[in-house]
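J.: Take a look at this one; I'll ask things after.
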Amino acid sequence: VLQIVKESQQQHGLRHGDFQRYRGYCSRRLRRLRKTLNFKMGNRHKFTGKKVTEEILSDNRYLLLILMDAERAWSYAMQLKQEANTEPRKRFHLLSRLRKAVKHAEELERLCESNRVDAKTKLEAQAYMAYLTGMLRFEHQEWKAAMEAFNKCKTIYEKLANAFTEEQAVLYNQRVEEISPNIRYCAYNIGDQSAMNELMQMRLRSGGTEGLLAEKLEALITQTRAKQAATMSEVEWRGRTVPVKIDKVRIFLLGLADNEAAIAQAENEETKERLFESLLSECRDAIQAVREELKPDQKQREHSLENDSGKVSNIQYLHSYLTYIKLSTAIKRNESMAKSLQKALLQQQRSDEDGKRTARPQDLIRLYDIILQNLVELTQLPGLEEDKNFQKEIGLKTLVYKAYRCFFIAQSYVLVKKWSEALVLYERVLKYAREVQSGAGAHRNSLKELPDVQDLITQVNAEKYSLQAAAILDANDPHESESPSQVKDGKPLSERFETFCLDPSLVSKQVNLVHFPPGFQPIPCKPLFFDLALNHVAFPPLEDKVEQKAKSGLTGYIKGIFGFKS
């Protein structure tokens with residue numbers, strides 16, 4: 001049963017959460033099965049209901065009829081559950097379809113008790129029925145009954161996984177993992193306070209996976225926090241207490257510590273990146289909710305600014321706090337990406353693989369540019385302009401990230417052998433690092449999470465000596481300086497047979513062998529002939545012909561009129 005269901009779901013829409021497409025597939029398959037088995041419900045004029053009984057179980061496709069009926073009702077219920085977020089009235093239709101799915105599952109379980117069905121199918125039918133029953137009780141918020149049904153389903157699938165090979169057990173274990181978050185959520189609603197921590201651990205173990213399991217975990221965690229948010233009324237930040245009246249903001253602030261702990265415990269970069277994105281998305285939603293509250297309160301805020309001599313209102317200060325969380329999280333995410341790129345860059349330098357450049361200093365420069373831009377936005381938050389300690393902390397953090405940015409700019413100059421520019425930038429790195437060390441003082445606690453500038457100073461001093469040595473070797477090696485010029489002068493291969501140089505373009509698709517099209521060359525033009533004898537030629541006299549032509553003027557014309565001929 002489970003294998004048929006999972007294969008159908010993965011191939012027809014549920015890989016992307018498209019329940020409507022899967023419901024259409026179930027309807028079409030039901031029609032094909034009824035036509036093949038000649039099990040039609042009457043004709044086009046009259047409906048005649050038929051039921052599958054044990055007597056006609058000569059073909060296993062009769063069981064497929066019941067299974068597809070249940071799957072069609074379940075997929076319609078899940079489709080309505082997605083739509084019920086914006087249209088709450090659809091929840092009644094959702095419960096109706098789930099009851100229909102449970103009814104078909106009970107009929108499937110009853111038919112599978114026949115002697116014609118093997119033991120494995122009987123157990124799977126019982127687990128399938130328990131799963132749908134648990135889903136129905138879960139939607140009705142009958143937590144104890146839902147937990148019992150889910151536990152029964154989990155027990156059956158675990159026993160089936162132990163009874164078969166590892167390849168077959170993978171499918172059963174996946175279904176157990178899907179059920180576990182629902183069981184823990186039911187336990188939490190019954191009264192088990194440790195269930196929330198277990199849900200967070202499940203989300204962490206799910207890693208960078210996406211799909212129905214990840215969405216279900218997020219939804220369950222959000223529902224749990226919504227219940228805890230009812231007890232939260234205010235938050236304190238930098239010595240000021242602010243009331244929190246917006247539910248979405250309460251839920252976000254309650255889960256902030258759990259999300260940060262999950263990010264710290266993440267085992268790989270992919271999981272950490274996914275958790276960062278999830279936290280930033282929740283923070284943006286909370287900020288949007290505060291902005292909507294700020295719009296109708298505009299006049300009141302302006303009045304409070306006048307009365308309190310520049311002190312911002314509570315809702316504006318809460319907006320600044322959430323913006324601070326968003327920018328700080330973005331800085332931590334970019335710093336985590338920068339650390340992973342630094343490791344990749346270091347491994348690349350050690351391996352010296354040609355043609356495989358996984359990381360470049362330019363990538364790190366871009367990340368530090370974004371971090372510095374976020375720090376500038378932090379200094380402009382409303383309500384913190386007069387906070388000298390906050391401005392001092394941001395100034396020190398800016399110096400640290402400027403030092404690292406200059407360091408990687410210098411590294412990029414070293415790659416193109418611009419020694420003097422790189423040396424100047426290394427000196428600038430040392431200047432920024434010494435300013436951080438001299439100005440840290442009472443702010444050392446806030447700088448603990450930042451990269452250590454002392455390690456950077458040690459690395460820069462070593463790089464300076466390496467750079468000076470490379471510059472001296474580059475200046476004293478004539479072959480090294482001549483060979484690039486021979487390649488870059490644009491001469492084709494046919495013109496430099498006598499000079500050896502390494503030209504990687506010779507093995508590429510754009511090899512330069514000869515000049516094409518060839519250049520123009522001078523050739524002798526067609527000779528010009530001048531007629532010099534013409535001046536010495538004596539032509540015969542033409543006077544007599546000229547006079548005769550003059551006589552036959554008007555007279556000849558008159559003679560012609562009257563018909564006289566000469």
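The values are calculated or read from the model by the stated rules, or taken from the named source; none is laboratory data. Note that the coordinates shown come from a computational prediction; the quantities given were computed from them, not determined experimentally. Positions of Cβ are backbone-derived with ideal geometry, glycine not excepted, and every protein chain shown enters the neighbour counts. Only protein heavy atoms, including side chains, enter the accessible area calculation; ligands, DNA and RNA are left aside. Shrake-Rupley method; radii C 1.70, N 1.55, O 1.52, S 1.80 Å.
J.: Select from the stretch 501-543 the residues that are among the charged types (D, E, K, R) and either surrounded by 10 or more Cβ atoms within 10 Å (Cβ to Cβ) or in a loop (DSSP other than H, G, I, E, B) (or both) and list them in ascending order.
T.: Once the filter is applied, which keeps residues that are among the charged types (D, E, K, R) and either surrounded by 10 or more Cβ atoms within 10 Å (Cβ to Cβ) or in a loop (DSSP other than H, G, I, E, B) (or both), the stretch 501-543 yields ASP503, LYS509, LYS526, ASP531.
J.: Also: Quick one: in the stretch 103-119, which of the residues that are touching a helix residue (DSSP H, G or I) at 6+ places or on another chain (Cβ under 6 Å) and in contact (Cβ under 8 Å) with a residue 24 or more places away in the chain is surrounded by the most Cβ atoms within 10 Å (Cβ to Cβ)?
T.: The residue in question is ALA105.
J.: I've got another one for you. Can THR53 be described as of a type in the set (Ser, Thr, Tyr), within 20 Å of LEU111 (Cβ to Cβ) and loosely packed, with under 12 Cβ neighbours inside 10 Å?
T.: Judged against the criteria, THR53 is a match.
J.: Looking at the stretch 13-30, which of its residues are touching a Gly at 6+ places or on another chain (Cβ under 8 Å) and under 20 Å from LEU108 (Cβ atoms)? Break it down into steps so the answer makes sense when it comes.
T.: Just the residues of the stretch 13-30 that are touching a Gly at 6+ places or on another chain (Cβ under 8 Å), to begin with: 15, 17, 19-22, 25.
Within the stretch 13-30, TYR22, TYR25 qualify.
J.: Just to verify a result, which residue in the stretch 37-47, among those that are assigned to a loop (DSSP other than H, G, I, E, B) and closer than 29 Å to ASN115 by Cβ, is least open to solvent (accessible area, probe 1.4 Å)? Reasoning before the result, please.
T.: We begin by selecting, within the stretch 37-47, every residue assigned to a loop (DSSP other than H, G, I, E, B); these are 38-47.
Next, only the ones that are closer than 29 Å to ASN115 by Cβ stay: 38-41.
Values: ASN38: 113, PHE39: 20, LYS40: 102, MET41: 52 Å².
The selected residue is PHE39.
J.: Find all pairs meeting these conditions: Cβ atoms under 8 angstrom apart; at least six residues apart or on different chains; first residue within the stretch 451-471 and farther than 12 Å from TYR426 by Cα; second residue of a type in the set (Asp, Glu).
T.: Sorted first by the residue in the stretch 451-471, then by its partner, the pairs are PRO451/GLU335.
J.: Taking the stretch 148-160, which residues are under 36 Å from the mean Cα position of the chain (by Cα) and surrounded by 19 or more Cβ atoms within 10 Å (Cβ to Cβ)?
T.: Correct list: PHE150, CYS153, LYS154, TYR157.
J.: With the condition kept exactly as written, say whether any residue in the stretch 62-84 is farther than 22 Å from GLN9 by Cα and not hydrophobic (A, V, I, L, M, F, W, C).
T.: no
J.: Next question, about the same structure. Is it the case that LEU80 is within 29 Å of THR53 (Cα to Cα) and of a type outside the set (Lys, Arg)?
T.: no
J.: Turning to a different aspect of this structure: Could you run through the stretch 401-438 and say how many residues are under 18 Å from LEU372 (Cα atoms), among the charged types (D, E, K, R) and within 36 Å of the chain's Cα centre (by Cα)?
T.: Selection size over the stretch 401-438: 3.
J.: In the stretch 237-249, which residues are open to solvent by 30 Å² or more (accessible area, probe 1.4 Å), part of a helix (DSSP H, G or I) and in contact (Cβ under 8 Å) with a residue 24 or more places away in the chain?
T.: Correct list: LYS248 only.
J.: Follow-up. Of all residues in the stretch 85-102 being in contact (Cβ under 8 Å) with a residue 24 or more places away in the chain and over 17 Å from GLN141 (Cα atoms), which is least open to solvent (accessible area, probe 1.4 Å)?
T.: It comes out as ALA101.
J.: Next question. Has the stretch 17-36 got at least one residue that is farther than 17 Å from TYR131 by Cβ, open to solvent by 80 Å² or more (accessible area, probe 1.4 Å) and among the aromatic types (Phe, Trp, Tyr)?
T.: No, there is no match, as no residue in the stretch 17-36 is farther than 17 Å from TYR131 by Cβ, open to solvent by 80 Å² or more (accessible area, probe 1.4 Å) and among the aromatic types (Phe, Trp, Tyr).
J.: OK, next. Evaluate the following for SER336: is it of a type in the set (Ser, Thr, Tyr), modelled with pLDDT of 85 or more and either open to solvent by less than 80 Å² (accessible area, probe 1.4 Å) or under 28 Å from PHE252 (Cβ atoms) (or both)?
T.: For SER336, the condition - of a type in the set (Ser, Thr, Tyr), modelled with pLDDT of 85 or more and either open to solvent by less than 80 Å² (accessible area, probe 1.4 Å) or under 28 Å from PHE252 (Cβ atoms) (or both) - is met.
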